[in-house]
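The values are calculated or read from the model by the stated rules, or taken from the named source; none is laboratory data. Bear in mind the structure is a predicted one, so any value in this text is a computation, not a measurement. In this analysis, Cβ positions are derived from the backbone assuming ideal geometry, glycine residues included, and neighbour counts consider all displayed protein chains.
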Amino acid sequence: MDARTYRLTGPLVVIAVLAAFPLLASGFYLEFTTKVMILAIFALSLELLVGATGLVSLGHAAFYGIAAYAAVLLSPKYAAASIFWLLPAAVVCSAAYALVIGALSLRTRGVYFIMVTLAFAQMAYYVFHDTKLGGGTDGIYLNVKPAVAVFGVNLLDLGKPLVMYYVVLACLVLVFAFLATLLASRFGRALAGIRSNEQRMRAAGFPTFSYKLAAFTIAGALAGVAGFLVAVKDGFVNPEMLSWHESGAVLLMLILGGIGRLSGAVLGAFAFALLQLFFQWDVVFGPAAKHWQLLLGGTIIACVAFMPDGLIGLPAQVRGWLARRRGGGERG
């Protein structure tokens, strides 16, 4: 199987497994997998910046949280809003904030860009944390989940976990397909050129600032999709969704899965969430389960040290190691 066939077959197998998963599991496992798929959408949105464009942001959670708050604040208190206008409205809010932040922060580079994105995200965090706009530190509840209705006929009940699961899965597939198409286009190839050598791309006549701003805004919009979904799923949002911890966590998902591959972002989200769950298992770790963050951090450090290309690059790394072993044996 060549690399191109593998890259096509792998996602299709994952989609098939996720589609069949509710046949084997329910309850906690269904809720957990729904949550992880939302995190995978969030990770894919950051992959467009980090992997495709070479822009490391520590403020990506702002777009995730703003869309979640928009979904709740724009919803009527005692009636179901239509998802057909509520979802676009929430995504537009996150995209608009991304456009403003990008227009200002993209004038900086390197660590300065990282710190500016972090500063803007923290500004948004404290707006919701220290004011009554979104319920302050207590957060705010979504009283009635949005309706998926056409001409008054409700097509889907998002209050049912199984329905929500398949809606999130459909969104994950659409976001993945959209990014795969985008990165294969002329726009995506331009982003790859900017990541490799921005100065050369400018010399070739490409308006690199405009390309980066477009990528930043699209990434913010896709993070907004994840924020909207988590608000609908949980029926509750709080300021911690916008904190730098969330931005750091999604960046770790990319590192764990493998930066530069869309499949790596999805794999990293699942691996990160499963490791979190595993290290909190007191049956295995006993009192050490209370310090699961330390165990998780050590595991990620080990992964970075021994798997520089992430989990997605592990098969190629193993094949290279075996080839070197065979080559050494033949010379011997």
Just one of (1) at pLDDT 95 or above; (2) out of contact with any His (no Cβ under 7 Å at 6 or more places or on another chain) trips up residue 22, so point out which. (1)
For residue 52, state whether it is among the small types (Gly, Ala, Ser) and surrounded by fewer than 16 Cβ atoms within 10 Å (Cβ to Cβ). no
Would a scan of segment 53-75 turn up a residue that is assigned to a loop (DSSP other than H, G, I, E, B), closer than 25 Å to residue 236 by Cα and without any contact (Cβ under 8 Å) to a residue 60 or more places away in the chain? yes
Can you tell me which of (1) closer than 21 Å to residue 249 by Cβ; (2) touching a strand residue (DSSP E or B) at 6+ places or on another chain (Cβ under 6 Å) is the one residue 72 doesn't meet? (1)
Name the one entry in 86, 73 that is in contact with a Phe, Trp or Tyr (Cβ under 9 Å, 6 or more places away or on another chain) and under 14 Å from residue 227 (Cβ atoms). 86
Going through (1) touching a residue at least 24 places away in the same chain (Cβ under 8 Å); (2) hydrophobic (A, V, I, L, M, F, W, C); (3) over 26 Å from residue 229 (Cα atoms); (4) touching a Gly at 6+ places or on another chain (Cβ under 7 Å) one by one, residue 192 fails only at (4)
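Has segment 30-48 got at least one residue that is more than 25 Å from residue 240 (Cβ to Cβ), hydrophobic (A, V, I, L, M, F, W, C) and either free of Cβ contacts under 8 Å to residues at least 12 places away in the same chain or crowded, with 24+ Cβ neighbours inside 10 Å (or both)?
Within segment 30-48 (the criterion being more than 25 Å from residue 240 (Cβ to Cβ), hydrophobic (A, V, I, L, M, F, W, C) and either free of Cβ contacts under 8 Å to residues at least 12 places away in the same chain or crowded, with 24+ Cβ neighbours inside 10 Å (or both)), the answer is no, since none of the residues qualifies.
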Does residue 163 meet the test of being buried (at least 18 other Cβ atoms within 10 Å of the Cβ), assigned to a helix (DSSP H, G or I) and not aromatic (Phe, Trp, Tyr)? no
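Tell me, which residue of segment 67-97 that is among the hydroxyl-bearing types (Ser, Thr, Tyr) and within 17 Å of residue 147 (Cβ to Cβ) is modelled with the lowest pLDDT?
Filtering segment 67-97 for residues among the hydroxyl-bearing types (Ser, Thr, Tyr) gives 69, 75, 78, 82, 94, 97.
In the following step, the residues that additionally are within 17 Å of residue 147 (Cβ to Cβ) were identified as 75, 78, 82.
Numbers: 75: 90, 78: 82, 82: 88.
Applying the filter and picking the extreme gives 78.
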For segment 55-70, does any single residue satisfy the condition of being more than 17 Å from the chain's Cα centre (by Cα) and within 28 Å of residue 158 (Cα to Cα)? yes
